[in-house]
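**Student:** One structure, pasted below without further comment.
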Amino acid sequence: MSFLSVTRVIKRFGDVEAVKAVDLEVPRGAFFALLGPSGCGKTTLLRMIAGFEQPDDGVIAIDGVAMNGVPAHQRPTNMVFQSYAIFPHLNVFDNVAYGLRRDGLGKDALRARVEAMLATVRLEGMGARRADQLSGGQRQRVALARALVKQPKILLLDEPLGALDKRLREQMQVELRALQKSLGITFLLVTHDQEEALSMADHIAVMNGGRILQIASPRDLYERPNCREVADFIGEINFFHASVKEIAGDNVTCNAGLLGIVPVPRRAFGFAIAAGDHVLLALRPERITLSGGTVAGEIAAASFLGERSHYHARIAGRSEPVFVASSGPAPQGPVMLGWNPADVIALPFVE
Ligand SMILES: Nc1ncnc2c1ncn2[C@@H]1O[C@H](COP(=O)(O)OP(=O)(O)OP(=O)(O)O)[C@@H](O)[C@H]1O
Ligand SMILES: [Mg+2]
C-alpha cells in the first residue's frame, strides 16, 4: 500500500481548475518528484497535501489515514517553501529550534535535537550566525533543518533549490538525495527543472495544465514517454510523422516520409495500433548516428561541448533540423543518419 495516496483530487480557484482529478501514489521512503511547467498546479497540489489548502473534491490519505479536515499542524508533513522563508532576525539555532519550542520541548532535549540536526545538514558550529549572514546554500540548509527537525513522515519541498546558482544547486541536489536516503523520510519534491527531477528522484510525476500525464522512474520517463508532451518536456527529442504500414507479429513497419520505411518493434507502441494509423516516431539526439545510416543529410550547425558535440543536420524536404548529439569525431561533408530500431520511441498522434 502506498504511503501518500491522492485520489481524484480537484482544486478550483474561481473559474480556474488548478488541479484536475489528480491521482498519485507515493511509496514509503521514496524520493518522489512532481515535475511540470510554471502554473501547472504543483504548488497547489503540495499545499493541499500539507493542509494549507482544502481540495474541492477527492481524498488525500497519509499512512492510511484520510486527511480531510485535519489541520496543517496536525499532519505528519512539513514543507520547505518555494521562497525559502527563514526568519532573518533569528540566528541559525533559533530558526531551527522555532518549531520545537512551540511543541514545548525541554531546554536540554531541544539543544540536543537542534545540534544533531545542524550536524546533519553540515551547519555544525554555525548556530549563532544570523540568517542574513549566510550564503544562499547555507540558508537553504537552515530551511531544510527547520523542516526536518520536527521529524515529519513526509517532507514536502517546493522548488527548494530554485534560488541557487547552477553549481550550488547541483551540489545541493547530491546532498539532498543523500540526506533523504540516510533519513529514510519520504520526500515529495516540486520542480520545473527536468534535470533536477531526473537526477534526484526515484519516481517522477509529470504534470501539465492541472493533470498528471505520466508517473514513472526517471529512466522509463526518458526512454518510454507515453505522450508527445512528456517526450518534449523531458530532454531533447526529434519527432517524425509516420503511418503504420504493416504489423507482423513483433515487427511493425512505418512509413515515415523522408526517413523512408522504418522498422519499429511492436513493444515500442504502448497503445493500440492498426495499419494506416497516424503515429509519431521520436528519436533522442544521442541515439542518432551520423554515419552508416540510410538517411542523407548535411550538418547545418555544430557546437562543441567538451565530451560531446551537438549538431543540427538538415534533411532535404524537412524544414526543422534533426538534432544529433555525438561524442564521435566531427563529421566531414555529407552525413548518413542512422539509428537502432530498438531506440525508436513511438507515440500516439493527437491532432
Ligand atoms: N490562491 C490562488 N487564487 C487564484 N488562483 C490561484 C491561486 N493559487 C494558484 N492559482 C492558480 O492556479 C494555477 C496553478 O498554480 P500553482 O501555484 O499551483 O502553479 P505551479 O505549478 O506551482 O507554478 P510555478 O512553477 O510557477 O510555481 C495557476 O494558474 C495559478 O495562477
Ligand atoms: Mg509553484
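The values are calculated or read from the model by the stated rules, or taken from the named source; none is laboratory data. Because the structure is predicted, anything quoted here is derived from the model rather than measured. Here the Cβ is made from the backbone with ideal geometry for all residues, glycine too, and neighbour counts use every protein chain on show. Surface areas here come from the heavy atoms of the whole protein model, side chains and all, with no ligands, DNA or RNA. Shrake-Rupley method; radii C 1.70, N 1.55, O 1.52, S 1.80 Å.
**Student:** Going by accessible area, probe 1.4 Å, with all protein chains left in place, what is the ranking of Glu159, Glu223, largest first?
**Tutor:** Working: Glu159 20, Glu223 65 Å².
From most exposed to least exposed: Glu223, Glu159.
**Student:** Can you give the Kirkwood hydrodynamic radius for segment 14-83, in Å, rounded to one decimal and based on Cα pairs? Kindly include the intermediate steps, with their values, before the conclusion.
**Tutor:** Details: mean 1/r = 0.0754 Å⁻¹.
About 13.3 Å, per the Kirkwood formula over Cα pairs.
**Student:** Under a point-charge model restricted to the Cβ atoms of Lys and Arg (+1) and Asp and Glu (-1), what is the dipole moment magnitude of the chain relative to its Cα centre, in debye to the nearest 20?
**Tutor:** Working: 38 positive and 37 negative charges, 217 e Å.
The dipole of the chain has a size of about 1040 debye.
**Student:** Let me understand segment 182-271 better: what is its radius of gyration from the alpha carbons, and its Dmax, in angstrom?
**Tutor:** Looking at segment 182-271, its Cα Rg and Dmax stand at 16.5, 53 Å.
**Student:** Another question about this same structure. Bin all alpha-carbon pair distances of segment 291-351 at 10 Å intervals from 0 and give each bin's fraction as a whole percent.
**Tutor:** With a bin width of 10 Å, the distribution comes to 20, 48, 27, 5.
**Student:** I need two numbers for segment 248-302: Rg to one decimal and Dmax as a whole number, Cα atoms only, in Å.
**Tutor:** 13.4, 40
**Student:** Let me ask something additional. Once the principal axes of the Cα atoms of segment 130-199 are found, what is the range along each, listed largest first in whole angstroms?
**Tutor:** 31, 30, 18
**Student:** Quick one: of Lys107/Lys153; Lys107/Lys150; Lys11/Lys42; Lys153/Lys181, which pairs are farther than 18 Å apart, Cα to Cα?
**Tutor:** Values: Lys107/Lys153 24 Å; Lys107/Lys150 15 Å; Lys11/Lys42 11 Å; Lys153/Lys181 14 Å.
Violating the 18 Å limit, Cα to Cα: Lys107/Lys153.
**Student:** Note the direction-averaged projected area, equal to a quarter of the hull surface, for the Cα convex hull of the chain, in nm².
**Tutor:** Numbers: hull surface 87.0 nm².
The Cα convex hull of the chain, projected and averaged over all directions, gives 21.7 nm².
**Student:** Here is a follow-up. Compute, for Glu236, the solvent-accessible surface of its heavy atoms (probe 1.4 Å) with the complete set of protein chains present, and express it in square angstrom to the nearest 10.
**Tutor:** 110
**Student:** Any idea what the dipole of segment 123-241 comes to, in debye rounded to 20, about its Cα centre with Lys/Arg Cβ at +1 and Asp/Glu Cβ at -1? Intermediate values should be presented prior to the final figure.
**Tutor:** On the way: 16 positive and 16 negative charges, 116 e Å.
Charge dipole, segment 123-241, about its Cα centre: 560 debye, nearest 20.
**Student:** Here's a follow-up. Where in segment 113-178 are there trypsin sites (Lys or Arg not before Pro) that are in a DSSP coil and have at most 16 other Cβ atoms within 10 angstrom of their Cβ? Before the final figure, lay out each step's value.
**Tutor:** Details: sites: Arg113, Arg122, Arg129, Arg130, Arg139, Arg141, Arg146, Lys150, Lys153, Lys166, Arg167, Arg169, Arg177; in loops: Arg122, Arg129, Lys150, Lys153.
Sites meeting the loop and neighbour criteria: Arg122, Arg129, Lys153.
**Student:** Collect residues whose amide H, placed 1.01 Å from N in the peptide plane, falls under 5 Å from the amide H of Val190; neighbours closer than 5 in sequence don't count.
**Tutor:** The list, which skips near neighbours in sequence, is Leu34, Leu157, Asp158, Glu159.
**Student:** Given C-alpha coordinates of segment 236-348, what is the ratio Rg to Rh with the Kirkwood estimate of Rh?
**Tutor:** Radius of gyration relative to Kirkwood radius: 0.99.
**Student:** Right, another one. For Asp56, what residues show an amide H to amide H distance below 5 Å, using hydrogens built from the backbone and excluding near sequence neighbours?
**Tutor:** Ile10, Lys11, Arg12
**Student:** A further question follows. Using modelled amide H (1.01 Å from N, peptide plane; none on Pro or chain starts), what sits under 5 Å from the amide H of Ile288, excluding residues fewer than 5 places away?
**Tutor:** Ala325
**Student:** On to the next question. For segment 189-268, with only Lys/Arg (+1) and Asp/Glu (-1) charged at the beta-carbon, what is the dipole magnitude about the Cα centre, in debye rounded to 20? Write down the numbers at each step before the final one.
**Tutor:** Working: 7 positive and 11 negative charges, 86 e Å.
Here the size comes out at about 420 debye.
**Student:** On the protein heavy atoms, probe 1.4 angstrom, tell me the percent of accessible surface of segment 4-232 carried by carbon and sulfur. Each step should come with its number before you reach the end.
**Tutor:** Values: 5100 of 10460 Å².
On segment 4-232, the fraction of accessible area on carbon and sulfur atoms equals 49 percent.
**Student:** For segment 279-322, how big is Rg over Rh, using alpha carbon atoms and the Kirkwood form of Rh?
**Tutor:** Ratio value, two decimals: 0.96.
**Student:** Report Rg/Rh for segment 1-154, rounded to two decimals, where Rg is the Cα radius of gyration and Rh the Kirkwood radius.
**Tutor:** On the way: Rg = 17.3 Å, Rh = 17.0 Å.
Expressed as Rg/Rh, it is 1.02.
**Student:** Which value, in Å² rounded to 10, gives the accessible area of Ser326 with a 1.4 Å probe and all protein chains present?
**Tutor:** Accessible surface of Ser326 is approximately 30 Å².
**Student:** Given R₀ = 41 Å, FRET efficiency for Phe349-Ser199 by Cβ-Cβ distance, to 0.05?
**Tutor:** Working: r = 31 Å, r/R0 = 0.76.
E between Phe349 and Ser199, to the nearest 0.05, is 0.85.
**Student:** If you roll a 1.4 Å probe over the heavy atoms of the protein chains, what accessible area per residue do you get for the chain, in Å²?
**Tutor:** Using a 1.4 Å probe on heavy atoms only, each residue of the chain averages 48 Å².
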